[in-house]
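Asker: Quick one: the structure is below, questions incoming.
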């Protein structure tokens, strides 16, 4: 059998994750299986590849009734240990939201498409959701066996990948609107995203920890003096967070993904090496809001020098065309959203947070070369280790090359006019 590589040797495997956990699952999957011969657990992503959870890939060599052997693999997602950032993640109810997404909302969205005669797959099949000692866990199909892979997040994504991502996003958004029309509003957890109304001081503290190194790094990027003052005060950042939770009922709103970055999309490629399918991962930050919040994050995090920023308005148009198509397929009853409404919604104060949050938190992390220290815990440390790590992150040449073009674009579009708050 093929060798199994572990991309992150330092990851601790939870004690409850053992052979017996998979016996009933395999019995459902493979009726002719007799026993699990070999059980191997490895990290699913390299160090720094996942900031808010533990991702594991489990390999099972199983023996069949006829004596032959077969290898099965699954992906397991569970909570970080509380001293490694898990406490904060738990308080924000990210896993509780994902539990609701995989058990209720996403299966319903896929059903809405099936009933409309237009079957789609939005996400990996979730085979089991459970809770052990207060730890929520998910067991997923291993999409790598179907040749789905993550795009290289340090390289950004080109327009082919972008089109597939926008199509998948529009499928998700359209179904979420129909679901709300039929079954009423989403659980109150989905009023919150990265910021929570009752935990704004938590968001503000995280900002205060990172701001000094970020501002110092900005002076080294070689951007014009006028852009350096486009950085929020602590008070303005708190207002920005609160504003992001305001939903204008007059706008076209959807259940946003909330963390729609290329690292949360898996792609499948055809024989010519072109991307042909996409699936979405990680539904912890979903909230009811304008779809432009997802679009802003995707545009900013597609960090290909000279590409997605030039295509800014085109990306919104491509998304809108897909959205209209899917709303029609699903027999949406209300007036269809107009392109001009989406383009102008990008500039509304309640939609700006995702752009700034992505530029300050996601983008520098995404563009950092893989290393063990690259994790949520180190990024938020308030000591010298945290400070020097953040300085390294914010002055990383790959990040600087992208951000020195991007930051002025956001300022020039009025997105980073923080005195508005």
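The values are calculated or read from the model by the stated rules, or taken from the named source; none is laboratory data. Fair warning: this is a prediction, and the values are worked out from it, not measured in the lab. Cβ placement follows ideal geometry from the backbone for every residue including glycine, while neighbour counts extend to all protein chains displayed.
Asker: Any idea how many residues of segment 327-366 are in a loop (DSSP other than H, G, I, E, B), in contact with a helix residue (DSSP H, G or I) (Cβ under 6 Å, 6 or more places away or on another chain) and over 18 Å from residue 299 (Cα atoms)? Reasoning before the result, please.
Answerer: Quick first cut of segment 327-366, residues in a loop (DSSP other than H, G, I, E, B) only: 330-338, 346-348, 352.
Among the residues that remain, those that are also in contact with a helix residue (DSSP H, G or I) (Cβ under 6 Å, 6 or more places away or on another chain) are: 330, 336, 346.
Next cut, over 18 Å from residue 299 (Cα atoms) only: 330, 336.
Number of matching residues: 2.
Asker: Check segment 243-258 and report whether any residue there is modelled with pLDDT under 95, assigned by TED's automatic domain parsing to the domain that holds residue 332 and under 28 Å from residue 389 (Cβ atoms).
Answerer: no
Asker: Okay, next question. Would you check if there is a residue in segment 348-366 being at pLDDT 95 or above and either more than 24 Å from residue 205 (Cα to Cα) or outside the structural domain of residue 263 (by TED's automatic domain parsing) (or both)?
Answerer: Yes, there is a match, as at least one residue in segment 348-366 is at pLDDT 95 or above and either more than 24 Å from residue 205 (Cα to Cα) or outside the structural domain of residue 263 (by TED's automatic domain parsing) (or both).
Asker: Would you mention how many residues in segment 367-406 are under 19 Å from residue 299 (Cβ atoms) and in contact with a helix residue (DSSP H, G or I) (Cβ under 6 Å, 6 or more places away or on another chain)?
Answerer: Here the count works out to 2.
Asker: Continuing with the same structure: Please go through segment 260-275 and pick out each residue that is in contact (Cβ under 8 Å) with a residue 40 or more places away in the chain and in contact with a strand residue (DSSP E or B) (Cβ under 6 Å, 6 or more places away or on another chain).
Answerer: Going through segment 260-275, the residues in contact (Cβ under 8 Å) with a residue 40 or more places away in the chain turn out to be 260-263, 265-269, 274-275.
Result: 265, 266, 267, 268, 269, 275.
Asker: Additional query: Consider segment 367-405. How many of its residues are in a helix (DSSP H, G or I), more than 20 Å from residue 207 (Cα to Cα) and touching a residue at least 12 places away in the same chain (Cβ under 8 Å)? Spell out the reasoning first.
Answerer: Of the residues in segment 367-405, the ones in a helix (DSSP H, G or I) are 376-379, 384-395, 397-405.
Still in the list and also more than 20 Å from residue 207 (Cα to Cα): 397-398, 401-402, 404-405.
Next, from what is left, pick out any that are touching a residue at least 12 places away in the same chain (Cβ under 8 Å): 398, 401-402, 404-405.
Matching residues across segment 367-405 total 5.
Asker: Name the pairs whose Cβ atoms lie under 8 Å apart, with the first residue in segment 245-259 and free of Cβ contacts under 8 Å to residues at least 24 places away in the same chain, the second surrounded by 23 or more Cβ atoms within 10 Å (Cβ to Cβ), and 6 or more positions between them or separate chains?
Answerer: Here the result reads none, with nothing in segment 245-259 linked to a residue that is surrounded by 23 or more Cβ atoms within 10 Å (Cβ to Cβ).
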